[in-house]
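Q: I have a structure I would like to understand better, so I am pasting it below and will then ask my questions one at a time.
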Amino acid sequence: MTSASGVPHLPNLTLADRAYNIRRHALRMGEVQGQGYIAQALGAADLLAVSYFHALAYRPHEPEWEGRDRFCLSIGHYAIALYAALIEAGILPENEIDTYGGDDSRMPMSGMAAYTPGMEITGGSLGQGLTVALGMAMGLRHKNSSAWVFNLMSDGELDEGSTWEAAMAASSHKLGNLICLVDVNNMQADGPSTQISNFEPLGPKWEAFGWHTQRVNGNDIKALIAAFDAAKALDEPRPRVIICDTKMGKGVDFLEARERNHFMRVESDEWAKAIAVLDAGRAV
Amino acid sequence: MPLDKYTPRTVKLGPNGERLMTSAMIASIAGPDQRTAPAPFGHALTKLAATNPKIIGMTADLSKYTDLHVFAKAYPERFFQMGMAEQVLMGSAAGMAREGFTVFATTYAVFASRRAYDFICMAIAEEMLDVKIVCALPGLTTGYGPSHQATEDLAIFRGLPNMTIIDPCDALEIEQATAAIAAHKGPVYMRLLRGNVPLVLDEYGYTFELGKAKMLRDGPDALLISTGLMTMRALEAAKELEKDRVKVGVLHVPTIKPFDEATILREANRTGRPVITLENHTIVGGLGEAVAGALMRSDTRPTRFRQIALPDQFLDAGALPTLHDRYGISTSEVVRRVKAWLG
């Protein structure tokens, strides 16, 4: 059974169930390669669940449907998380999980538009996603489309000047169809983001750039729903940002507690253990 | 290299006792006696837009300096000002192209090739998107110094997969190339001459074809292979040389990528005459090296091979005629060098 937009309505799955499934798909992919940005994926699972099962309009069997909301993944290395969401959304088949990161896979380690249905842009060169999303939002408005453009970026990308060029341009062009999601896990390649190049106070920065700004606990599904709803309901011609403070490794206690690192090391025998911990946590 | 900055200077006058001026950024490169056409790119794009609603114009605070203002005035709702932010210009042009538009994005060649390269590479070229990057001040066409002299843009973009590269010679070619690149699917980098642009190629019954090199005149003593405004210089030099009974052919190569190796090799093979390449670009990685590579790979050995190009240096500021003489790309310098090489 599908809704009007074609999103499968599996029996009584809550957004928490979806977030759990996304985490589980991601852990299974990590196990396949013995690596992956799993800590970020676990942290972003809740905001992806709310995106794909509450906020976005799309058709799983028609990924390029003109009326779809566009979801741009600026942070290419979060691809493992987006693949998990696309699998859960029925856009990618679950039985390709074992191909993750392998030769000729549709799910390479970094997200690229040419490889993967549902991957709107090629991310990875950080600081580019918002610039492309802004162009898409301008193009959609020029076509009189009512579709939304979402851009998911990391807090590390706040270091890039192009992010702020785009923030200023989006505001200048009054793009009320653009929603930027900033995943603040306070960890980038060389260490804690606020120590690498301090972006705080972050909310006032976006506000100063003319954006409707909300900051929420990115692992609180209720708070995320409220924020997405408020962003979409706002009747003002300006772009919207939802700053999501997330916890790396969320849902797997021993990964949450692990020394925080951009590329978290997970031993080969720990993947199955992580899945078991995740499963046990859900049973509670 | 400029003189030591602590050396006092006195006024230097030109050959006729005139005061030498740095040409304004917006000045025409046309000589005083040349026929010209105004804003050929802007007018051509405006004309195309009348029948192609998918054409969009975008710029980074340089519409007047890239002739895009003509389009902006005719189609204000299809013109997007992105501010002085070349990275956003290229990223948002990619986003527009993703939504089905044919985007003409303009700025100066230095800013596209240097500042926005990663955005052009990853957001546009890797995705084969329909973005036409049209850039003013190519090579040595301003006396403002290295900040505005895009002497290595062709080298930078030649290394980029999927990118089509055009270096047009004159107003006629810019008009025809604008239509051709609008019809072409995929990313294009086109060097732009703006303002009152010299009109030269109409005398040669020339028609631009994307990817084609064309013989403009023939001659047994040498083959000049040229691109961009250096084709103008090559044709002027050929006329001068003819007065001294030196007859040179001129092969114009406006499309730097994909490169018309077949025509170049055919003409280089035809008589074995010396080959001389001419480009408004550093000697590194432009037309000359592309021709040399094609010759070497096909075991074609002209009796001699020489390059007329800008030196591998940051160039001086000053008046353009002085600089063109200094760096060997003025007509008189081309004539002098060709004569010297042919002995």
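The values are calculated or read from the model by the stated rules, or taken from the named source; none is laboratory data. A quick note: this is a predicted structure, and the numbers were derived from the prediction, not measured. So basically every Cβ, Gly included, is an ideal-geometry build from the backbone, and we count neighbours across all protein chains shown.
Q: Regarding the stretch A:164-187, can at least one residue be identified that is at positive phi and either free of Cβ contacts under 8 Å to residues at least 12 places away in the same chain or polar (S, T, N, Q) (or both)?
A: There is at least one residue in the stretch A:164-187 that is at positive phi and either free of Cβ contacts under 8 Å to residues at least 12 places away in the same chain or polar (S, T, N, Q) (or both).
Q: Same structure again: Answer yes if at least one residue in the stretch A:113-131 is of a type in the set (Phe, Trp, Tyr) and either crowded, with 19+ Cβ neighbours inside 10 Å or in contact (Cβ under 8 Å) with a residue 24 or more places away in the chain (or both), and no otherwise.
A: no
Q: Consider only pairs whose beta carbons are under 8 Å apart and that are at least six residues apart or on different chains; among these, list those whose first residue lies in the stretch A:207-236 and is more than 26 Å from residue A:168 (Cβ to Cβ) and whose second residue is exposed (fewer than 14 other Cβ atoms within 10 Å of the Cβ).
A: A:221/A:16
Q: Now, a different point. Take the residues in the stretch A:90-105 that are buried (at least 19 other Cβ atoms within 10 Å of the Cβ) and free of Cβ contacts under 8 Å to residues at least 40 places away in the same chain; name whichever of them is nearest to the other protein chains (Cβ to nearest Cβ).
A: Within the stretch A:90-105, the match that is nearest to the other protein chains (Cβ to nearest Cβ) is A:91.
Q: Would a scan of the stretch B:133-141 turn up a residue that is more than 13 Å from every other protein chain (Cβ to nearest Cβ), part of a strand (DSSP E or B) and over 27 Å from residue A:137 (Cα atoms)?
A: Scanning the stretch B:133-141, I find at least one residue that is more than 13 Å from every other protein chain (Cβ to nearest Cβ), part of a strand (DSSP E or B) and over 27 Å from residue A:137 (Cα atoms), so the answer is yes.
Q: What are the residue pairs meeting all of these: first residue in the stretch B:198-214, first residue on the phi > 0 side of the Ramachandran plot, second residue assigned to a loop (DSSP other than H, G, I, E, B) and of a type in the set (D, E, K, R), Cβ atoms under 9 Å, and 6 or more apart or on different chains?
A: Pairs that qualify, where the first residue is on the phi > 0 side of the Ramachandran plot and the partner is assigned to a loop (DSSP other than H, G, I, E, B) and of a type in the set (D, E, K, R), are B:211/B:260.
Q: In this structure, does residue B:44 turn out to be free of Cβ contacts under 8 Å to residues at least 24 places away in the same chain, surrounded by fewer than 24 Cβ atoms within 10 Å (Cβ to Cβ) and either more than 8 Å from chain A (Cβ to nearest Cβ) or more than 26 Å from residue A:163 (Cβ to Cβ) (or both)?
A: When the stated conditions are applied, residue B:44 does not pass them.
Q: Right, here's the next one. Criterion first (within 14 Å of another protein chain (Cβ to nearest Cβ), assigned to a loop (DSSP other than H, G, I, E, B), acidic (Asp, Glu) and surrounded by 24 or more Cβ atoms within 10 Å (Cβ to Cβ)) does residue A:66 satisfy it?
A: Answer is no for this residue.
Q: Only one of A:127, A:135 is in a helix (DSSP H, G or I), among the small types (Gly, Ala, Ser) and under 24 Å from residue A:177 (Cα atoms); which?
A: Residue meeting the stated conditions: A:135.
Q: With respect to residue A:181, determine if the residue is touching an Asp or Glu at 6+ places or on another chain (Cβ under 7 Å), crowded, with 24+ Cβ neighbours inside 10 Å, aliphatic (A, V, I, L, M) and away from chain B (no Cβ under 14 Å).
A: no
Q: Quick test of your reading of the structure: residue A:74 fulfils all but one of (1) within 24 Å of residue B:101 (Cα to Cα); (2) buried (at least 24 other Cβ atoms within 10 Å of the Cβ); (3) more than 9 Å from chain B (Cβ to nearest Cβ); (4) touching a Phe, Trp or Tyr at 6+ places or on another chain (Cβ under 9 Å). Name the failing condition by number.
A: Evaluating residue A:74 over (1) within 24 Å of residue B:101 (Cα to Cα); (2) buried (at least 24 other Cβ atoms within 10 Å of the Cβ); (3) more than 9 Å from chain B (Cβ to nearest Cβ); (4) touching a Phe, Trp or Tyr at 6+ places or on another chain (Cβ under 9 Å) leaves (4) as the failure.
Q: Please go through the stretch B:107-132 and pick out each residue that is touching a strand residue (DSSP E or B) at 6+ places or on another chain (Cβ under 7 Å), under 19 Å from residue B:167 (Cα atoms) and either within 14 Å of another protein chain (Cβ to nearest Cβ) or in a helix (DSSP H, G or I) (or both).
A: Result: B:107, B:109, B:110, B:112, B:113, B:120, B:130, B:131.
Q: Give the stretch B:253-279 a look and list any residue that's under 20 Å from residue B:339 (Cα atoms) and touching a residue at least 40 places away in the same chain (Cβ under 8 Å), or say none.
A: Correct list: B:268, B:271, B:273, B:274, B:275, B:276, B:277, B:278, B:279.
Q: Given the condition free of Cβ contacts under 8 Å to residues at least 40 places away in the same chain, surrounded by fewer than 22 Cβ atoms within 10 Å (Cβ to Cβ), under 23 Å from residue A:137 (Cβ atoms) and out of contact with any strand residue (DSSP E or B) (no Cβ under 7 Å at 6 or more places or on another chain), answer yes or no: does some residue in the stretch A:249-263 qualify?
A: Within the stretch A:249-263, not a single residue is free of Cβ contacts under 8 Å to residues at least 40 places away in the same chain, surrounded by fewer than 22 Cβ atoms within 10 Å (Cβ to Cβ), under 23 Å from residue A:137 (Cβ atoms) and out of contact with any strand residue (DSSP E or B) (no Cβ under 7 Å at 6 or more places or on another chain).
Q: Scan A:136, A:168, A:119 and give me the residue that is facing chain B (nearest Cβ under 8 Å), farther than 16 Å from residue A:241 by Cα and not small (Gly, Ala, Ser).
A: After ruling out the rest, the residue left standing is A:136.
Q: Look at the stretch B:95-106 and say how many of its residues are part of a strand (DSSP E or B) and more than 13 Å from residue B:65 (Cα to Cα).
A: Selection size over the stretch B:95-106: 3.
Q: So residue B:89 clears everything in (1) touching a Lys or Arg at 6+ places or on another chain (Cβ under 6 Å); (2) within 28 Å of residue B:23 (Cβ to Cβ); (3) within 14 Å of chain A (Cβ to nearest Cβ); (4) of a type outside the set (Gly, Ala, Ser) except one condition, right? Which one?
A: Only one criterion in (1) touching a Lys or Arg at 6+ places or on another chain (Cβ under 6 Å); (2) within 28 Å of residue B:23 (Cβ to Cβ); (3) within 14 Å of chain A (Cβ to nearest Cβ); (4) of a type outside the set (Gly, Ala, Ser) is unmet by residue B:89, namely (1).
Matching residues to (1) among the β-branched types (Val, Ile, Thr); (2) under 19 Å from the mean Cα position of the chain (by Cα):
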{"residue": "A:137", "(1), (2)": "no, yes"}
{"residue": "A:146", "(1), (2)": "no, no"}
{"residue": "A:149", "(1), (2)": "yes, yes"}
{"residue": "A:158", "(1), (2)": "no, yes"}
{"residue": "A:164", "(1), (2)": "no, no"}
{"residue": "A:182", "(1), (2)": "yes, yes"}
{"residue": "A:190", "(1), (2)": "no, no"}
{"residue": "A:207", "(1), (2)": "no, no"}
{"residue": "A:213", "(1), (2)": "yes, yes"}
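Q: Take the conditions under 16 Å from residue B:232 (Cα atoms), touching a residue at least 12 places away in the same chain (Cβ under 8 Å), in contact with a Phe, Trp or Tyr (Cβ under 8 Å, 6 or more places away or on another chain) and surrounded by 18 or more Cβ atoms within 10 Å (Cβ to Cβ) and apply them to residue B:308. Does it pass?
A: no
Q: Something else now. Please count how many residues of the stretch A:215-244 are over 21 Å from the mean Cα position of the chain (by Cα), surrounded by 14 or more Cβ atoms within 10 Å (Cβ to Cβ) and of a type in the set (D, E, K, R).
A: Going through the stretch A:215-244 one residue at a time, the tally reaches 1.
Q: Next question. Got a number for residues in the stretch B:2-22 being in contact (Cβ under 8 Å) with a residue 24 or more places away in the chain and either hydrophobic (A, V, I, L, M, F, W, C) or surrounded by fewer than 10 Cβ atoms within 10 Å (Cβ to Cβ) (or both)?
A: 2
Q: Answer yes if at least one residue in the stretch A:83-90 is in a loop (DSSP other than H, G, I, E, B), under 28 Å from residue A:243 (Cβ atoms) and touching a Gly at 6+ places or on another chain (Cβ under 8 Å), and no otherwise.
A: Yes, the stretch A:83-90 has at least one match.
Q: OK, next. Identify the single condition in (1) at pLDDT below 95; (2) touching a His at 6+ places or on another chain (Cβ under 9 Å) that residue A:134 does not satisfy, given that it satisfies every other one.
A: The single condition residue A:134 does not satisfy is (1).
Q: When the residues of the stretch B:67-84 are narrowed to those that are in a loop (DSSP other than H, G, I, E, B) and farther than 23 Å from residue A:161 by Cβ, which ends up farthest from the other protein chains (Cβ to nearest Cβ)?
A: Once the filter is applied, the top-ranked residue is B:67.
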